[in-house]
Amino acid sequence: MTGIWVAVLVTAAGCYAFKLTGLTVPRSVLNNPRVRRFAELVPVALLAALVAVQTFGAGQSLAIDPARLAGLGAAVVALLLRAPFLVVIVVAAGTAAALRALGIA
Amino acid sequence: MTEKTSGLAAASGGPAASVDVPTASGPAAASALPAAGGGPTARPIRDGVGLGLAVGTSGLAFGAAAVGSGLSVAQACVLSLIAFTGASQFALAGSIATGGSLIGGVAGAVLLGSRNALYGLRMTGVLAPRGARRLLIAHGVIDETTAVTLAQPDAASARLAFRATFATLYLTWNLSTLLGAYGAGRLGSPQSLGLDVVGPAAFLALIWPQLRAGRTERAVGLLGAAIALTATPFLPPGVPVILAAMAALAGALATPAPEPTAPEARPAPAEPS
């Protein structure tokens, strides 16, 4: 139990240190056009990666969860129809939940 | 903003003219009215609160998973309070569940948190944190706040969106962690509620404008997703997502920023309508 407490505290300290590091980098670093473009594109790359991993990942393997995939597909349709943000979320979760409740997927 | 425009239009006719010229300012005023009501501050707050509530509820899943993995309710709650970065928290709980070494679990969780440093690099220009406030702002630099903040059209909206997202998400995430930890197993499973799709759908919705904005952004997004999926079977959870930063590097080398495009360098939109 003590070990877990230490793990909890060290994890939190490490995560906070990384958060602070990014905000502490001298702003002159961003004068370089390539660095600035990199910083602009990082969220796109990482968030797209999160979408992919959270959709197809099952621990350290890849799997297709039909309900989850359908939920994300519903989100894409909602986005193409220019639905507001919350509608996109509700449609996605609702689709997955409904398919699972009906035992279809 | 809108009042300023209609005021300018009416100014030629003198102070009282605004009452007398409904026909001249009619269509403009009609279209301006809802914009004024839902004004420039409403959208960032709505986006932030909306995402905070939607994603924050996945704290239920974390609380339940943490207790199922062998953490106490207090440990689950402390982790949500002071680590406050979902992926790292899930990673630590997961490694404790498998009974692997705690050092390995901590290392993986912290490494997973390193992407927040990359987000901070991007956010520092927009949020311009100073002094002691930097210490507080830093705690809120995570996937969701970054996505909502950078989706705003100007720096003022961005700062507002950051605060709204951070505050809402922090409250919701911690409350739902507590509920999930206590109710582990008693609630319906997060999957039965479709909560596992909330994260991906939210992230997709948030980068959607950027994906529509340019070919480079689309290529970087696709490449990032491909890198992460390819690496998933071979690397510990979390690392594939960090590796996806290579896609941003490739995009940056291919198309360096032409001129200062950071939102703080951009003037606030002139509000033509």
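Remarks
- Taking all pairs of distinct alpha-carbon atoms in the range B:93-149, Kirkwood radius in angstrom: 12.9
- Inter-chain shielding of B:73-85 (mean C-beta neighbours from other protein chains, 10 Å cut-off): 4
- Using alpha-carbon coordinates, inclination of helix A:66-80 to the longest axis of chain A, degrees: 80
- Whole-angstrom gap from the range B:48-105 to the range B:125-148, using each part's C-alpha centre: 21
- Dipole of the range A:1-87, positive direction: furthest Cα of A:15, A:31, A:44, with charges on the beta-carbon: A:31
- Cα-only Debye scattering, chain A: base-10 log of I(q)/I(0) at q = 0.19, 0.21, 0.24, 0.25 Å⁻¹: -1.01, -1.05, -1.17, -1.22
- Counting Cβ atoms of other protein chains within 10 Å of each residue's Cβ and taking the mean over peptide B:51-62 gives 1.
- Between the C-alpha center of the range B:189-244 and that of the range A:29-101 there is a gap of 5 Å.
- Taking a sphere under 15 Å around the Cβ of residue A:64 and counting the other residues whose Cβ falls inside, with K and R at +1 and D and E at -1, yields a net charge of 0.
- Inter-label distance, nm, simple model (7 Å from Cα along the C-beta direction), residue B:182/residue B:246: 4.6
- Between residue B:128 and residue B:41, residue separation times 0.36 nm minus the direct Cα-Cα distance comes to 29.4 nm.
Read-outs throughout are calculated quantities, based only on the coordinates presented, and are distinct from any laboratory measurement. Source: prediction; values computed, not measured. As a convention, Cβ positions derive from the backbone with ideal geometry for all residues, glycine included, and neighbour counts pool all protein chains shown.
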